[in-house]
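A short write-up of the structure that comes next.
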């Protein structure tokens, strides 16, 4: 039987850059001291135990974009300039800070900015970092349900130490956690 293939989403995270704001520019980040919050430099390999000052939820944590369009701003208010726009519903983002109704998020490429909390969801999605296979069970020798292309987005249902149960395009199965951006190495849930 031929394996099904889960393809990457066309334009899975198109970003429109503001004309005068190059992506990754240090000037995009508001001063942490003016906001009275700490802004992490890089993503941790494991789940951090710090809590958000607004929600009390873990920081950092993964969330999902709720809309097909989300403005990413230079700072946590409507008065701050839009630096780019996320254009893919379901794209996973990492919340790295909170300020009022705003969440500072970082994407797969490490670009960070502020989005309104109403544009994100606790639904878990994963961005596949390399070609992968969905299996019927948590075993590399188990029957292959589907092949998954690099850059595909999958819904994450549960994760163990090494595997996550995921679905996309009508296919469900298990894939190795190390291939997913959108879940931490030590994070587990069912």
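The values are calculated or read from the model by the stated rules, or taken from the named source; none is laboratory data. What you see is a predicted model; the values in this text were computed from it and never measured. FYI the Cβ positions are ideal-geometry reconstructions off the backbone, even for glycines, and counts take in every protein chain you see.
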Listed residues 11, 100, 113; which is at pLDDT 95 or above and out of contact with any strand residue (DSSP E or B) (no Cβ under 9 Å at 6 or more places or on another chain)?
100
Residue 177 meets each of (1) under 16 Å from the mean Cα position of the chain (by Cα); (2) surrounded by fewer than 17 Cβ atoms within 10 Å (Cβ to Cβ); (3) at negative phi with one exception, condition (2)
Out of all the residues in region 37-60, is one or more within 23 Å of residue 180 (Cβ to Cβ), at pLDDT 95 or above, assigned to a strand (DSSP E or B) and in contact with a strand residue (DSSP E or B) (Cβ under 6 Å, 6 or more places away or on another chain)?
no
Taking residue 169, is it modelled with pLDDT under 95 and surrounded by fewer than 21 Cβ atoms within 10 Å (Cβ to Cβ)?
yes
